[in-house]
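The values are calculated or read from the model by the stated rules, or taken from the named source; none is laboratory data. This one's a predicted model, so the numbers in the text were calculated from it and none came from an experiment. As a convention, Cβ positions derive from the backbone with ideal geometry for all residues, glycine included, and neighbour counts pool all protein chains shown.
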Amino acid sequence: MTGSIARLFFMLACLIPGAGAPAHANEDSGVLVLGRISDDPKSHYESMKVLLDYVVSRMGDVGIHEGKVLMARDALQMASYLRRGRVDWVSETAGGAVLLQRRAGAETFLLSDRNGIRRYHTIYFARRDNDVKSLDDLQGHRIAFQNPTSTSAYFIPAMELLERGMNLEILGSPFDPPVPDSVGYVFARTERNIATWVHKELVDVGAVSNLDWTNPRKIPEFFRSDFVVLRESPEVPRGVEIVRKTLDPAVRARLREVLIGMADDPEAVGLLEQYHQSMRFFDLDERDRDDMERLRIGVNKVSAGIE
């Protein structure tokens, strides 16, 4: 992040009540702090505060009477907040949750669906006329990811390529040639850029979620007709709620009860649609735990082998 962008983030955070102010996650003070990693805090604050106010209004019996929102610009900053006890509860993707578990000792708490979707996976695609016909052909070629925090468009594809014994090297631009014994990767920032770079043959393969693959605003139909799917990865949970390890057990139990109960509460109608377009929160089942463990191992490999 450049200095000018960082200053802009700070200025925006200061304009949002509670987003940039020191928030102390402390059960003794009666404050519950909800955190989020965002490069656009102003657009996310309102829906988070609405949800938080609802939750806090039902937690007086465990001493919680106030809620605050605290934004972080990246996973490193959020991990610091969690370690220092400044955040109680964070909504994340599966990959982001694994990072915060590793860096801050956070704990997976609940899962949440988003847009009614509980699970999703990665789609790898290429042009039909490209020489790359499978992931095994990627050696010496280029792949486009979205950004370094994306579960479906970075962590999953990076870990699957490493599991295949491939070396990954970051390229300065899609015009840089990869070395013959590695896979060169670039971050395209948006799904539409990934599709465009594949279509214009700047990269050989793109990786996006199956949800983005079917969204014409992100993968235009006139592009997709020239593409072929090389592989679909196994699924992982879509949304993951985590809490700091030191959160009071009574607060944690009541928070779980309130969140899971929202789906059946008439007063919660409309709130979940604002918050990540989630329809409900739910406990992890055995499959979810297995998937999160597999992702944890994979993310650790990515961190050790690439970053």
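What the table below lists for this structure:
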| quantity | calculated |
| --- | --- |
| Condition met for G270 (more than 17 Å from T93 (Cα to Cα), at pLDDT below 95 and surrounded by 13 or more Cβ atoms within 10 Å (Cβ to Cβ)) | no |
| Hits in the stretch 204-229 (condition: under 18 Å from the mean Cα position of the chain (by Cα) and aliphatic (A, V, I, L, M)) | A207, V208, L211 |
| Condition check for T122: surrounded by 23 or more Cβ atoms within 10 Å (Cβ to Cβ), among the hydroxyl-bearing types (S, T, Y) and either closer than 21 Å to V33 by Cα or modelled with pLDDT of 95 or more (or both) | yes |
| Residue match in the stretch 230-244 (condition: within 21 Å of K133 (Cα to Cα) and either over 20 Å from the mean Cα position of the chain (by Cα) or among the aliphatic types (A, V, I, L, M) (or both)) | yes |
| E201 on the phi > 0 side of the Ramachandran plot, acidic (D, E) and either surrounded by fewer than 16 Cβ atoms within 10 Å (Cβ to Cβ) or not assigned by TED's automatic domain parsing to the domain that holds E92 (or both) | yes |
| From the options A207, A195, residue that is more than 25 Å from R296 (Cβ to Cβ) and crowded, with 23+ Cβ neighbours inside 10 Å | A195 |
| Breaking point among (1) in a strand (DSSP E or B); (2) more than 30 Å from V87 (Cα to Cα), for S173 | (1) |
| Pairs with Cβ under 7 Å, 6+ apart, first in the stretch 200-218 and closer than 23 Å to P234 by Cα, second modelled with pLDDT under 95 | L211/I117 |
| Pick from the stretch 112-149, criterion among the small types (G, A, S) and in contact with a helix residue (DSSP H, G or I) (Cβ under 7 Å, 6 or more places away or on another chain), ranking: nearest to V299 (Cα to Cα) | A144 |
| Complete set of residues in the stretch 95-142 that are β-branched (V, I, T) and more than 30 Å from F281 (Cα to Cα) | V132 |
| Residues of the stretch 176-203 that turn out to be within 12 Å of A144 (Cβ to Cβ), in contact with a Phe, Trp or Tyr (Cβ under 9 Å, 6 or more places away or on another chain) and in a loop (DSSP other than H, G, I, E, B), as a count | 3 |
| Unique residue being within 30 Å of E107 (Cβ to Cβ), at pLDDT below 95, of a type outside the set (D, E) and in contact with a helix residue (DSSP H, G or I) (Cβ under 9 Å, 6 or more places away or on another chain) when the list is R244, R238, R224 | R238 |
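A quick yes/no check of all residues on (1) surrounded by 13 or more Cβ atoms within 10 Å (Cβ to Cβ); (2) in contact with a Pro (Cβ under 9 Å, 6 or more places away or on another chain):
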{"site": "L211", "(1), (2)": "yes, no"}
{"site": "L255", "(1), (2)": "yes, no"}
{"site": "D285", "(1), (2)": "no, no"}
{"site": "D288", "(1), (2)": "yes, yes"}
{"site": "I306", "(1), (2)": "yes, no"}
